[in-house]
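First the structure, in the form of structure tokens, and then the observations on it.
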Ligand SMILES: [Zn+2]
């Protein structure tokens, strides 16, 4: 069996919303998930390894990509 590398359609955070997906940040301390607004500054950042900081407790938050349930 030969594995082939395929390019992912998401390289930058700005590539997510055009696919009908959204970014949320999951705080491991608060156990809350909040929507992240991808503006001009975040849109050019790499998706791989992206981390966010919780606005409530300042803990590191992990990004979650999910389908938009409302638009
Ligand atoms: Zn938090």
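Summary of values
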| item | result |
| --- | --- |
| Order of 8, 19, 13, 3 - criterion: other Cβ atoms within 10 Å of each residue's Cβ, fewest first | 3, 8, 19, 13 |
| Calculated FRET efficiency for the pair residue 53/residue 12, C-beta based, R₀ 22 Å, to 0.05 | 0.65 |
| Per residue, the convex hull volume that the Cα atoms of region 13-65 enclose (Å³) | 72 |
| Of 31, 12, 58, the one that fluctuates the most in a GNM where the chain has Cα springs shorter than 10 Å | 31 |
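Each reported figure results from applying straightforward, stated rules to the coordinates on display, with no laboratory input. This one's a predicted model, so the numbers in the text were calculated from it and none came from an experiment. Virtual Cβ from ideal backbone geometry, glycine too; neighbours counted across all protein chains shown.
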